[in-house]
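**Student:** Pasting in a structure now, in structure tokens, and then I'll have a few things to ask.
The values are calculated or read from the model by the stated rules, or taken from the named source; none is laboratory data. All values reported here derive from a predicted model rather than from experimental measurement. As a convention, Cβ positions derive from the backbone with ideal geometry for all residues, glycine included, and neighbour counts pool all protein chains shown. SASA here: full protein model, heavy atoms, side chains in, ligands and nucleic acids out. Shrake-Rupley method; radii C 1.70, N 1.55, O 1.52, S 1.80 Å.
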Amino acid sequence: VVAQVRRSFCTYLASLPPAMSSPWRAYGAGAPRVLEGVKVVELATVIAAPSCCALLSDMGATVIKVEGMGIGDSWRLQNYTPDGAAAEWGCGPHFVNNNRGKKSVQLNVKDKTHLAALKKLLAAADVFVTNVRPAALERSGLDYPTLAKEFPSMIYAICLAWGLEGPQKDDLGYDLGAFWAAGGMMDFSKDSDDADVGTFPPGLGDHVTGVQLAAAISMALYHRERTGQAQLVDACLLRSAIWGMAFPLMNTANSPGKKFVRRPRTDAFNETMNCYKCGDGNWLQLLGLDTKGFMPKMIQALGLDASKVKELNNRQIIELFDNNFAKHPISYWEERLQAAGMWYTRAKRLDEVIQDAQVLADGGIVPVPWWKLKVAGSPIKLGCSDRHGPAGPPPAPGQHTASVLKEVGVDDTSIAKIMQDQDAARQRSKL
């Protein structure tokens, strides 16, 4: 009953206008987005860097997405269907989330006219964001040392798989490679040395790194405001993974010669900080970090004999808990855990997450006026601007090429050539 009341209250909060839903958010109504006036040029594809620029757009920055000719960013085709929910923008639903609120300009940086137009865009930009590998940037004259001389007040932000230094700096990576595999997460997840690795959600490392990049860009903008000096901003998937894995990695680094000991769920060190399967197949994650303090609550919730539990080792306690949880559905155990004062949460399925009352109340998933589906809300909230929500829909490929290039002073002859090239490439991509 307590759990039902809590979920109902969260649903009610989610239905209120943002300024009313919490006194914490009652101030700053009507304030502009914090990055209004900041101009960003994005030369990036797929997830990590584009997701960063989506957050910058949410916060008010004007983001110009420079795409290649033809279909543009290849990630547009992820889950794309001609009759899909995002077909009007020439993309799949995931592309919408990471490219909302942007403008699209299509250019071929190998063409001198197109490259000159890109330089015009950069001359007007506060920030340049790219995930192109260093060697390719150097071939095009778009590397940091070159552009820092041409545009000394522009912040140069690069997001790579492996980083700017080292033997793999020009290698492909993606988050499944540089974040999950190389960062140690795949191996850490195994129950035993001989066990298979699990299935990992693609894009998780990208989105985490995108948030880090957005934060670093904001710091660089603040530094430039104070000192007048722009600088290089460098984020990468591998370092992001190392930071996220700091707990086990630092333990390993400080225990030279000792083999990492895997502990499967059935042999977890902390029985009250473990995950258990209920009778209906749902899982509960207990959050009793302090075993001494939470074990009596678990004994109460499960209706066990405390004197007998004290005689068991951790494997036996977990087996006992498993057997008891398997007797009843999750709703039964939620009420019991609530009554005992035990901390826990459901291990929710994806379809449960997107309609969860807490997620909706706090803006984890948000409706937008320009689409029939909802999008992921920004993980970062600022009191004066978070109620604005995503700035707008994603652009179609090259939707703003002519107008944006005109704004930055590209001559009419060059614009005409670029538009002709854009149209020709679009026709070829349909063949």
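**Student:** Over the range 324-431, average the accessible area per residue using a 1.4 Å probe and give it in Å², no decimals.
**Tutor:** 56
**Student:** Between 0 and 90 degrees, rounded to the nearest ten: what's the tilt of helix 112-123 against the longest Cα principal axis of the chain?
**Tutor:** So the inclination is approximately 60 degrees.
**Student:** Give the peptides 288-294, 68-74, 302-308 in descending order of average Cβ contacts within 10 Å, highest first.
**Tutor:** Those peptides, ordered most packed to least, come out 68-74, 288-294, 302-308.
**Student:** Now, a different point. If we sort 55-66, 258-269 on the protection proxy, mean other Cβ atoms within 10 Å, highest first, what's the order?
**Tutor:** The packing order, highest mean first, is 55-66, 258-269.
**Student:** Go through Lys169/Lys430; Lys406/Lys430; Lys65/Lys374 and tell me which ones have a Cα-Cα distance over 25 Å in this structure.
**Tutor:** Lys169/Lys430; Lys406/Lys430
**Student:** What angle do you read, to the nearest 10 degrees and between 0 and 90, between the alpha-carbon axis of helix 314-325 and the longest principal axis of the chain?
**Tutor:** Once rounded, the angle reads 90 degrees.
**Student:** Please give the net charge around Val96, taking every other residue with its beta carbon less than 14 angstrom from that of Val96, where Lys and Arg add +1 and Asp and Glu add -1.
**Tutor:** +3
**Student:** Still on this model: Take every Cα pair under 8 Å in the range 283-410 that's 6+ residues apart, average their separations, divide by the length, and report that relative contact order as a whole percent.
**Tutor:** It rounds to 23 percent for the range 283-410.
**Student:** Per the helix-only calculation at 222 nm, which mean residue ellipticity applies to the chain, given -39500 (n - 2.57) for every DSSP H run of n ≥ 4 and division by its residues, nearest 500 deg cm²/dmol?
**Tutor:** -12000 deg cm²/dmol
**Student:** Let me ask you something else. Normalising by the residue count of the range 157-242, find the relative contact order in percent from Cα pairs under 8 Å and 6+ residues apart.
**Tutor:** It comes to 46 percent, rounded to a whole number.
**Student:** From a point 7 Å beyond the Cα of Glu36 in the direction of its Cβ, which residues of the range 394-430 have a backbone N at a distance under 20 Å?
**Tutor:** Flagged as within label range: none.
**Student:** I need to check one value: relative contact order of the chain, counting alpha carbon pairs closer than 8 Å and at least 6 residues apart, in percent.
**Tutor:** Contact order relative to length: 23 percent.
**Student:** Taking all protein chains in place and a 1.4 Å probe, what share, in percent, of the accessible surface of the chain do carbon and sulfur account for?
**Tutor:** 57
**Student:** Obtain the nm distance between the two label points defined at Met250 and Asp423 by a simple spin-label model: each point lies 7 Å from its Cα along the Cα-to-C-beta direction.
**Tutor:** A separation of 6.0 nm, rounded to one decimal place.
**Student:** I've got another one for you. I need the peptides 152-165, 328-341 ranked by packing, meaning the mean over residues of other C-beta atoms within 10 angstrom, with the highest value on top.
**Tutor:** In decreasing order of mean packing, 152-165, 328-341 become 152-165, 328-341.
**Student:** Using the Cα centre as the reference, give the magnitude of the dipole from point charges on the C-beta atoms of the chain (Lys, Arg: +1; Asp, Glu: -1; all else neutral), rounded to the nearest 20 debye.
**Tutor:** Approximately 480 debye in magnitude.
**Student:** What angle, in degrees between 0 and 90 and rounded to the nearest 10, separates the Cα long axis of helix 291-302 from the longest principal axis of the Cα atoms of the chain?
**Tutor:** So the inclination is approximately 70 degrees.
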